[in-house]
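The structure under discussion appears below in the form of structure tokens.
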Amino acid sequence: MSSEPPPAAAPAAAAGELAADLSAATISKKQQKKDARKAEKAEKAAQRQQQQQQPADAEDPFADNYGDVPVEEIQSKAISGRSWTKIGDLDDSAAGRTVLIRGATQAIRPVSKKMAFVVLRQSMSTVQCVLVASADAGVSTQMVRFATALSKESIVDVEGVVSLPKEPLKATTQQVEIQVRKIYCINRAIPTLPINLEDAARSEAEFEKAEQAGEKLVRVGQDTRLNYRTIDLRTPANQAIFRIQCQVENKFREFLLSKDFVGIHTPKLISGSSEGGAAVFKLLYNGQPACLAQSPQLYKQMAICGGYERVFEVGPVFRAENSNTHRHLCEFVGLDAEMEIKEHYFEVCDIIDGLFVSIFKHLTENCKKELETINRQYPFEPLQYLEKTLKLTYEEGIQMLKEAGTEIEPMGDLNTESEKKLGRLVKEKYGTDFFILYRYPLGVRPFYTMPCYDNPAYTNSFDVFIRGEEIISGAQRIHTPELLAKRATECGIDVSTISAYIESFSYGAPPHGGFGVGLERVVMLFCALNNIRKTSMFPRDPQRLVP
């Protein structure tokens, strides 16, 4: 083995070390301080993350007062008998009382290591919860840290004492606070939600104000809202919209029941086309061609033939038209009614008059909170209506449009623009957003519509409008099988496809009439919303089948 020293690399190494030393010496003190700050910041971030990830300190004497609840504890394990309080029921009368509430974490604001605020939301109500580390209150700094580490929209249970704040609270609906004693997370939301509730709840006025101030806010588009509908539904306006919708449906049932109508359910899976060849959703039923019903029209008439005198139905209605408009859906909730007529189809109009005036009054008087909530995000003028609903003939409506410079084909139907213009003209002249237009031309009505006695070119039919948009179509129906078959043939309908329907009138059928209403459209127009998808919880249109 050679005992000679290694090759002459040492001088080069020494030169490298010297160069490094010289390089280090040239680094400015400013850069060194910057690097030191970065390192300190990284260390603190790592400490915070470690604190959030580590379980509650085993030595924390108040460790039982907070934490994540294991799923097995909420698998209907036991009935505790505890008393729960709704957030919306919290007011100053509850001051000093200990309450137990459950809600979603809408906002979390740490103030210091020993203090934090958590805003909980339940339905349309919010309350501020205050955590202050104190041995007397049973709240530790670890408990405060636990609360501030919760993700937004997590479901939590809070037990605490109701107190009155020194200053009015602007960010919550309830003007009390909860001094937290216990807080448990029932279910954690993911850390980053696909849409922010605060963004989804903004009004157009807020966007304009921010733009003027040079601030850019996130705008949540309609498709994004519908893609994540379960989050979008949590906004105050959406909470209010569907409570309004519930009231409309309930009042529809309540009013008609008070007028001796009987609630029925007709099939939605039928053979062939429900109205003789219009667009339908086709399918196979045990190998037999079938489709989804476009309306309960034919069946509610058959119920009248069955001796029920007055019937109504609330149920889904399917339309397969490729209508991509602000007011059309492929599936909507139909509010349908049919009734015997003694002398005149205005008997049906009178039912509509009483029904909708009662609905409008009920919403105005009993849903103020919901309407104000909608109005904050989507401002609108209150609906104007008359105690006795205005009725105009189709010809009178056409004449009003002509005088205003809009030419309409005398025996044609009104398009959307003409309807809206007529609505404006009627409001200017009669002071109402709600009116009935009757006696439509025969050529624009379904085959089962009864022609007028004095001029068969017109019909005993009507449409009803809110804010210049149609919400109801109705008429007296043909109740004789011969005329019914004749009209079906004239409209190009194969009579054999509706033979059971026509045959039902040959057993003795009373004169009758009825109407159909779209629930979503009523709510949309009453609240002056710009799109029917805002009033359909999970809308179905030609482009959307999920969620």
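The values are calculated or read from the model by the stated rules, or taken from the named source; none is laboratory data. Predicted, not measured: the structure shown is a model, and the values here were computed from it. Backbone-built Cβ (ideal geometry, glycine too); neighbour counts: all protein chains shown. For accessibility, only protein heavy atoms count, side chains too; no ligands or nucleic acids. Shrake-Rupley method; radii C 1.70, N 1.55, O 1.52, S 1.80 Å.
Annotations
- Scanning the stretch 387-405 for residues that are open to solvent by 30 Å² or more (accessible area, probe 1.4 Å) and part of a loop (DSSP other than H, G, I, E, B) yields Glu387, Lys388, Ala404, Gly405.
- Candidates Gln384, Gln377 - the one that is loosely packed, with under 15 Cβ neighbours inside 10 Å, in contact (Cβ under 8 Å) with a residue 24 or more places away in the chain, under 18 Å from Met524 (Cα atoms) and of a type outside the set (Asp, Glu): Gln384
- Scan the stretch 482-538 for residues that are of a type in the set (A, V, I, L, M), within 38 Å of the chain's Cα centre (by Cα) and open to solvent by 30 Å² or more (accessible area, probe 1.4 Å) and the total you get is 2.
- Residues that are in a loop (DSSP other than H, G, I, E, B), at pLDDT below 90 and open to solvent by 30 Å² or more (accessible area, probe 1.4 Å) within the stretch 253-285 comprise Ser271, Gly272, Glu275, Gly277, Ala278, Ala279, listed in sequence order.
- Asn196 vs. criteria under 21 Å from the mean Cα position of the chain (by Cα), open to solvent by 20 Å² or more (accessible area, probe 1.4 Å) and closer than 19 Å to Gln122 by Cα: yes
- Residue count, the stretch 479-520 (criterion: touching a residue at least 12 places away in the same chain (Cβ under 8 Å), assigned to a helix (DSSP H, G or I) and hydroxyl-bearing (Ser, Thr, Tyr)): 5
- Filtering the stretch 314-332 to residues that are β-branched (Val, Ile, Thr) and closer than 14 Å to Gly518 by Cα leaves Val314, Val317.
- Some residue of the stretch 294-310 being of a type in the set (A, V, I, L, M), surrounded by 14 or more Cβ atoms within 10 Å (Cβ to Cβ), touching a strand residue (DSSP E or B) at 6+ places or on another chain (Cβ under 9 Å) and over 21 Å from Ser461 (Cα atoms): no
- Residue that is least open to solvent (accessible area, probe 1.4 Å) [pool: residues in the stretch 436-468 that are free of Cβ contacts under 8 Å to residues at least 60 places away in the same chain and among the aliphatic types (A, V, I, L, M)]: Leu437
- Of the residues making up the stretch 341-374, those that are open to solvent by less than 40 Å² (accessible area, probe 1.4 Å) and more than 30 Å from Glu206 (Cα to Cα) number 14.
- Number of positions in the stretch 413-435 that are in contact with a helix residue (DSSP H, G or I) (Cβ under 7 Å, 6 or more places away or on another chain) and either surrounded by fewer than 20 Cβ atoms within 10 Å (Cβ to Cβ) or among the hydroxyl-bearing types (Ser, Thr, Tyr) (or both): 5
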